[in-house]
Amino acid sequence: MLAKVLSSAVLGIDAYRVEVEVDISSGLPSFSTVGLPEASVKESKERVKSAISNSGYRFPDDRITVNLAPADIKKEGTGFDLPIALGILAATGCVPPERIAPYLVLGELSLDGRVKPVRGSLPMAMAARRAGHPAIIVPQENGAEAAVVRDIKVLPVQSLSQVVGFLRGDVAIEPQRSDLAGLFEKEGGFDADYADVCGQAHAKRALEIAAAGGHNLIMIGPPGSGKTMLAKRLPTILPPLTFEEAIETTKVFSVVGLLPEGRALITRRPFRSPHHTISDAGLIGGGHLPRPGEVSLAHHGVLFLDELPEFKKHVLEVLRQPLEDRRVTISRAASALTYPASFMLVAAMNPCPCGYYGDRTHPCRCTAALIHRYRARISGPLLDRIDIHVDVPAVPYRELVEDAAAETSSVIRARVMAARGLQAARFARARIFCNAQMSSRHIRSFCAIDEASRRLLETAIDRLGLSARAFNRLLKIARTIADLAGAADIGVAHISEAIQYRSLDRGGRTAH
């Protein structure tokens, strides 16, 4: 007898529907799975057999063939266990086949019949809604995550026998519901605050501009000057995630299996800080079984690269595509996967190998050649893609001990959100959301400058030897500074401040 159960699998960070066809025919006992199954899918036969037997149902001693359609896409993961088991029980008449048809089913089975959680339940629930299913059956632990998707019933289950009882009409399962407003409110405030940072007014201003315009930023300063402390507080002044952004971010974490236990939705902008020993596949994504990398886990958030020159050069160079395109494409012989990667890059580096070049209290022992080699680890094209370069000097003693109240993150965040509001209105008809995403066409439309500003820019470009990309970066930064000031037009003061944030173009740190 033939039975069909609908399930789902993940490709990239999106899910697609999979038809699990189970055919039981007379012949020597066997269990074969076709449809390009990976090892974890092939091993499901042992889990399914034990789960059915230990749940009190008869496992057929016949020839069993399981087909996963479409058969031209590799199937990964353990989420097909439950649909395969239900297909076998439907084919043997234990479960009415017509009762299974409306549902999309996913779940891993333990040997005693318990249903265990799987990765990617959020995109799978979205795929079920797109396909018109009225409900989806998911493991209990995935219920809250899947219930974030609107307009579809989510039925959380704990065991195979519970699902069978429900399909027979003997057991009722209460649909899981999710309070979306409560999920955002439950997040609460941040543990860190910019009020904790002593001094560094110039660096704080640069980070405020970066947050207001979505600009990439690099901080240069000696060890202990507060670069990491400043970077970790950047999410506290960024605008809150919208629901759509939260869904996109949660999909990435769900597929990778990094969604925190008990969390249905990522409601705070992610902050990712990989170690400098990371590989290119770990940073960008890929591997034998492609999965998202750190740039995708930082989607709609911050990617912080501490000690930037210590990263392998080829690892840094692969950042160029996501910084420009805001997505990553992983190409393989059989297929190409695209992951989202719209993040703010925040990097930190020492001014020289020993870290004390230009410091007033610690002598630098590095030669000009050593400093040049250290700086050369970061290529010009990558630096061109970083809008803001800011020096972070050591904090003087008097600033460490003074009691002057510093601005809190909430005050800075209010200014950032006001500037983002102006940008949202400006780009209402465009497919961009902040100044950093402006193309050349947008710059011509929204970054007009007067003659005095033009002369100042010309002088800066001639003296600093800026590239065309760096010229556009200056205009974007100036536009953000004007937005923070509530100015409709870019003025000389905005251009002057923007030029200050290109310190690495001034060549002041390449020689003694």
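The values are calculated or read from the model by the stated rules, or taken from the named source; none is laboratory data. Just so it is clear, the model here is predicted, and its values are computed rather than measured. Ideal geometry is used to build each Cβ from the backbone, glycine not excepted, and the neighbour counts take in all protein chains shown. Heavy atoms of the whole protein, side chains included, go into the accessibility calculation; ligands, DNA and RNA do not. Shrake-Rupley method; radii C 1.70, N 1.55, O 1.52, S 1.80 Å.
Return yes or no: is residue 246 farther than 27 Å from residue 320 by Cβ, outside any loop (DSSP other than H, G, I, E, B), hydrophobic (A, V, I, L, M, F, W, C) and open to solvent by less than 10 Å² (accessible area, probe 1.4 Å)?
yes
Kindly list the number of the only condition in (1) free of Cβ contacts under 8 Å to residues at least 40 places away in the same chain; (2) of a type in the set (Gly, Ala, Ser); (3) under 15 Å from residue 478 (Cα atoms) that fails for residue 436.
Result: residue 436 passes all but (1).
Evaluate the stretch 265-277: report whether one residue or more is free of Cβ contacts under 8 Å to residues at least 12 places away in the same chain and either of a type in the set (Gly, Ala, Ser) or open to solvent by less than 30 Å² (accessible area, probe 1.4 Å) (or both).
no
Residue by residue through the stretch 132-166, note down the ones that are open to solvent by 50 Å² or more (accessible area, probe 1.4 Å) and in contact with a strand residue (DSSP E or B) (Cβ under 7 Å, 6 or more places away or on another chain).
The answer is 134, 140, 153, 158.
Would you be able to say whether some residue in the stretch 176-184 is open to solvent by less than 20 Å² (accessible area, probe 1.4 Å) and among the polar types (S, T, N, Q)?
Checked the stretch 176-184: no residue is open to solvent by less than 20 Å² (accessible area, probe 1.4 Å) and among the polar types (S, T, N, Q).
For the stretch 189-223, name all the residues that are in contact with a strand residue (DSSP E or B) (Cβ under 6 Å, 6 or more places away or on another chain) and either open to solvent by 10 Å² or more (accessible area, probe 1.4 Å) or hydroxyl-bearing (Ser, Thr, Tyr) (or both).
216 - this is the single residue of the stretch 189-223 that is in contact with a strand residue (DSSP E or B) (Cβ under 6 Å, 6 or more places away or on another chain) and either open to solvent by 10 Å² or more (accessible area, probe 1.4 Å) or hydroxyl-bearing (Ser, Thr, Tyr) (or both).
Here are 218, 209, 136: which of them is within 27 Å of residue 239 (Cβ to Cβ) and touching a Phe, Trp or Tyr at 6+ places or on another chain (Cβ under 8 Å)?
That would be 209, the only listed residue that is within 27 Å of residue 239 (Cβ to Cβ) and touching a Phe, Trp or Tyr at 6+ places or on another chain (Cβ under 8 Å).
Looking only at residues in the stretch 337-374 that are of a type in the set (S, T, N, Q) and touching a strand residue (DSSP E or B) at 6+ places or on another chain (Cβ under 8 Å), which one is most open to solvent (accessible area, probe 1.4 Å)?
Across the stretch 337-374, the extreme among qualifying residues is 338.
Tell me which of these residue 322 doesn't satisfy, since it passes every other one: (1) surrounded by fewer than 23 Cβ atoms within 10 Å (Cβ to Cβ); (2) free of Cβ contacts under 8 Å to residues at least 40 places away in the same chain.
Every listed condition holds for residue 322 apart from (1).
Being open to solvent by 60 Å² or more (accessible area, probe 1.4 Å) and not β-branched (Val, Ile, Thr): is that true of residue 45 here?
It is true that residue 45 is open to solvent by 60 Å² or more (accessible area, probe 1.4 Å) and not β-branched (Val, Ile, Thr).
Restricting to the stretch 375-401, and then to whatever is part of a helix (DSSP H, G or I) and among the charged types (D, E, K, R), can you tell me which residue is most open to solvent (accessible area, probe 1.4 Å)?
Filtering first and then ranking leaves 398.
Among the residues of the stretch 109-132, how many are assigned to a strand (DSSP E or B) and either closer than 20 Å to residue 13 by Cβ or among the aliphatic types (A, V, I, L, M) (or both)?
Looking only at that region, the number is 2.
Among residues belonging to the stretch 419-456 that are of a type in the set (Phe, Trp, Tyr) and not in a helix (DSSP H, G or I), point out the one that is farthest from the chain's Cα centre (by Cα).
427
Of the residues that make up the stretch 407-418, is at least one buried (at least 18 other Cβ atoms within 10 Å of the Cβ), more than 30 Å from residue 321 (Cα to Cα) and more than 31 Å from the chain's Cα centre (by Cα)?
no
Please go through the stretch 384-403 and give me each residue that is out of contact with any Ser or Thr (no Cβ under 7 Å at 6 or more places or on another chain) and over 16 Å from residue 307 (Cβ atoms), ordered by number.
Answer for the stretch 384-403, where residues must be out of contact with any Ser or Thr (no Cβ under 7 Å at 6 or more places or on another chain) and over 16 Å from residue 307 (Cβ atoms): 385, 387, 388, 396, 397, 398, 399, 400, 401, 402, 403.
Filter the stretch 457-484 down to residues that are among the hydroxyl-bearing types (Ser, Thr, Tyr) and either assigned to a loop (DSSP other than H, G, I, E, B) or modelled with pLDDT under 95 (or both), then give me how many there are.
2
Looking at (1) free of Cβ contacts under 8 Å to residues at least 12 places away in the same chain; (2) open to solvent by 60 Å² or more (accessible area, probe 1.4 Å); (3) in a loop (DSSP other than H, G, I, E, B), which one does residue 487 not meet, given that it meets all the others?
Result: residue 487 passes all but (2).
Just a yes or no: is a residue in the stretch 30-39 on the phi > 0 side of the Ramachandran plot, surrounded by fewer than 16 Cβ atoms within 10 Å (Cβ to Cβ), of a type in the set (A, V, I, L, M) and in contact with a Lys or Arg (Cβ under 8 Å, 6 or more places away or on another chain)?
yes
Looking only at the stretch 59-85, how many residues end up being farther than 15 Å from residue 118 by Cβ and either out of contact with any helix residue (DSSP H, G or I) (no Cβ under 8 Å at 6 or more places or on another chain) or assigned to a helix (DSSP H, G or I) (or both)?
11
Every residue in the stretch 26-58 that is outside any helix (DSSP H, G or I), polar (S, T, N, Q) and in contact (Cβ under 8 Å) with a residue 60 or more places away in the chain, please.
55
Among the residues of the stretch 80-91, are any in contact (Cβ under 8 Å) with a residue 60 or more places away in the chain, touching a strand residue (DSSP E or B) at 6+ places or on another chain (Cβ under 7 Å) and open to solvent by 40 Å² or more (accessible area, probe 1.4 Å)?
no
Filter the stretch 197-228 down to the residues that are charged (D, E, K, R) and in contact (Cβ under 8 Å) with a residue 60 or more places away in the chain and list them by number.
Selection gives 204, 208, 227.
Among (1) over 30 Å from residue 107 (Cβ atoms); (2) of a type in the set (Ser, Thr, Tyr); (3) within 21 Å of the chain's Cα centre (by Cα); (4) buried (at least 22 other Cβ atoms within 10 Å of the Cβ), which single condition is residue 121 missing?
Checking residue 121 against (1) over 30 Å from residue 107 (Cβ atoms); (2) of a type in the set (Ser, Thr, Tyr); (3) within 21 Å of the chain's Cα centre (by Cα); (4) buried (at least 22 other Cβ atoms within 10 Å of the Cβ), the one that fails is (1).
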